[in-house]
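Okay, structure first, notes after.
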Amino acid sequence: MNIFFIPSWYPSRENPTAGNFIRNQAVALGKYYQNVQVIISLWGNEGTKLNFEHPLKVLPYLINNILDKPYICEISSRVFEFNQPALEWSARLFRGNINSILKANEKNFQKTQKKFGQIDLIHAHVSFPAGFVAMKLAKQYNLPYIITEHMGPFPLLPFLGNSRLMPLVLEPLKKANLVIAVSSKLQAELWKFKIKSTVVPNLINENYFKYFPQKIGSNFNFFSLGEISKEKGFEDLVYAIAIAVKKDKNLIFRIGGNGKCLKKYQKLAQILKIDSEGVPFGDQNVKWLGALNHQEVLKEFQHCNAFILPSHHESFGMVYLEALACGRAVIATCCGGPEDFVRKENGLLVEKGDIQAIASAMVKIKENIKDYPPAKIRSNILQEYSTKVVSKKIIDLYKKIASLRSQ
């Protein structure tokens, strides 16, 4: 079975975390199923776009695109990348150059069939641009296609006009043979537009995010990771820390990530004080780590006592799952994805934006950390989200779609 993967987001040297969960899914399918080949169609879809609002970034993007060459490479057993460069920009302007993106994917498609023979199914990740491209190719070559929707909140504002979903997104979802939502919350958001879907979560790379024994000393270390923005809840986090450290000065917070609000929140952290002596908690209780690579992220997960991210919206929430796979309890908000897997035995859920509740959860999880045994946290989460478990769900859906087509 040849599966043609079209990811809207994909990791690159410049943006190594963009769509990493999509690549991990492809690798898992190739690993566990010898009769499956996955061909990943790339065009420069590494989570970066030509951004006319920031002119200084336009030239480097254009240079990288010019230097980018078509290539074919095997990244793991039975998983291949086919790259055909094309420019991409915001969907608000000329539909994001979708015609060029479609042509690039068609070239990858034709090269795939020439090298491996007939493609059996197209699997797009995110409804635009990947889902739109899948719809066009499926019609042209008479093939079934699946869309896994990751977009959150759904839909993003560029795809919503007068409270209606734009055809660029709606049509591919309506015509797909199957739509997969990565969480129950996203499934409900899709249904608001009368789009039926099946929930299949993202998988966790358990061979990378491994259990590490927890050390509990006088200080209790929290780790947080994400784009430093209001949407990810970092303003709430800073205010909550200011409350929590007044109750327990041994709470330490290590915050990883860059973003548009980094300097703003660093300044806020310096303005807020721990105690009457006026010690800025930025010097004592908070450490801003900046952008982290994969190895640094793993180290932080394994050496923290708990993970926290009070996000305002998550279609799924991979960082929470990565923490749980390392055996760490988490504090999350009721913001979409985390409600599917954060439970009383592995962490705490609080309402988003409730700063007092977030602060209380910090203190509570430290005081009750023995109620969250790391090995058990990891074991339980892998029963539902391991590479083998989730890839089997996907393969079963592939077989179902293929059988319906053959009837």
Original post:
Checking Val245 against (1) closer than 20 Å to Glu314 by Cβ; (2) touching a Leu at 6+ places or on another chain (Cβ under 9 Å); (3) not acidic (Asp, Glu), which single condition isn't satisfied?
Top reply: (1)
Original post:
Restricting attention to the stretch 84-95, does a residue exist that is modelled with pLDDT under 75 and in a helix (DSSP H, G or I)?
Top reply: yes
**OP:** Answer yes if at least one residue in the stretch 290-305 is assigned to a strand (DSSP E or B), touching a strand residue (DSSP E or B) at 6+ places or on another chain (Cβ under 8 Å) and either surrounded by 23 or more Cβ atoms within 10 Å (Cβ to Cβ) or not assigned by TED's automatic domain parsing to the domain that holds Lys260 (or both), and no otherwise.
**Re:** no
Original post:
Can you find even one residue in the stretch 316-333 that is among the small types (Gly, Ala, Ser), more than 30 Å from Tyr32 (Cα to Cα), buried (at least 18 other Cβ atoms within 10 Å of the Cβ) and touching a strand residue (DSSP E or B) at 6+ places or on another chain (Cβ under 7 Å)?
Top reply: yes
Subject >> Residue tally, condition buried (at least 21 other Cβ atoms within 10 Å of the Cβ), over 22 Å from the mean Cα position of the chain (by Cα) and charged (D, E, K, R), over the stretch 145-197 >> reply: 0
Original post:
Of all residues in the stretch 269-286 being under 27 Å from Lys299 (Cβ atoms) and part of a helix (DSSP H, G or I), which is modelled with the lowest pLDDT?
Top reply: Gly282
**OP:** Give the stretch 208-233 a look and list any residue that's touching a residue at least 60 places away in the same chain (Cβ under 8 Å), in the same structural domain as Arg378 (by TED's automatic domain parsing) and farther than 20 Å from Asn368 by Cβ, or say none.
**Re:** Leu225, Gly226, Lys230, Glu231, Lys232, Gly233
Original post:
Here are some conditions: (1) under 22 Å from the mean Cα position of the chain (by Cα); (2) not in a strand (DSSP E or B). Leu349 meets all but one. Which one does it not meet?
Top reply: (2)
Original post:
With respect to the numbered conditions (1) in contact with a strand residue (DSSP E or B) (Cβ under 6 Å, 6 or more places away or on another chain); (2) small (Gly, Ala, Ser); (3) modelled with pLDDT under 60, which one is the sole condition not fulfilled by Ser41?
Top reply: (3)
Subject >> Selection within the stretch 1-18 - crowded, with 23+ Cβ neighbours inside 10 Å and touching a Ser or Thr at 6+ places or on another chain (Cβ under 9 Å) >> reply: Phe4, Phe5, Ile6, Pro7, Ser8
**OP:** Examine the stretch 254-274 for a residue that is over 23 Å from the mean Cα position of the chain (by Cα) and of a type in the set (Val, Ile, Thr), and state whether such a residue exists.
**Re:** yes
Subject >> Positions within the stretch 14-43 being farther than 16 Å from Ile394 by Cβ and over 17 Å from the mean Cα position of the chain (by Cα), in sequence order >> reply: Ser41, Leu42, Trp43
Subject >> Hits in the stretch 358-374 (condition: in a loop (DSSP other than H, G, I, E, B) and hydroxyl-bearing (Ser, Thr, Tyr)) >> reply: Tyr372
Subject >> Residue that is surrounded by the fewest Cβ atoms within 10 Å (Cβ to Cβ), among those in the stretch 198-239 that are within 18 Å of Glu314 (Cβ to Cβ) and of a type in the set (Lys, Arg) >> reply: Lys230
Original post:
How about the stretch 235-268: which of its residues are among the basic types (Lys, Arg) and assigned to a loop (DSSP other than H, G, I, E, B)?
Top reply: Lys249, Lys260
**OP:** Hey, can you tell me all the residues within the stretch 360-407 that are polar (S, T, N, Q) and farther than 28 Å from Asn205 by Cβ?
**Re:** Ser360, Asn368, Ser403, Ser406, Gln407
Original post:
Which numbered condition trips up Val245, out of (1) within 24 Å of the chain's Cα centre (by Cα); (2) of a type in the set (Val, Ile, Thr); (3) buried (at least 21 other Cβ atoms within 10 Å of the Cβ)?
Top reply: (1)
**OP:** Being hydroxyl-bearing (Ser, Thr, Tyr), part of a loop (DSSP other than H, G, I, E, B) and modelled with pLDDT of 95 or more is the filter here, so list the residues in the stretch 180-234 that pass it.
**Re:** Ser183, Ser197, Tyr208, Ser229
**OP:** Just name the residue that is modelled with the lowest pLDDT out of those in the stretch 44-79 that are in contact with an Asp or Glu (Cβ under 9 Å, 6 or more places away or on another chain) and of a type in the set (Ser, Thr, Tyr).
**Re:** Thr48
**OP:** Scan the stretch 151-162 and give yes if some residue there is at pLDDT 95 or above, within 27 Å of Phe341 (Cβ to Cβ) and touching a Leu at 6+ places or on another chain (Cβ under 9 Å), otherwise no.
**Re:** no
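So which residues in the stretch 375-397 are small (Gly, Ala, Ser), surrounded by fewer than 19 Cβ atoms within 10 Å (Cβ to Cβ) and assigned to a helix (DSSP H, G or I), if there are any at all?
Within the stretch 375-397, Ala375, Ser379 meet the criteria.
The values are calculated or read from the model by the stated rules, or taken from the named source; none is laboratory data. Keep in mind it's a predicted model, so treat the numbers as computed, not measured. When we count neighbours, we look across all protein chains shown, and the Cβ atoms used for this are built from the backbone with ideal geometry, even at glycine.
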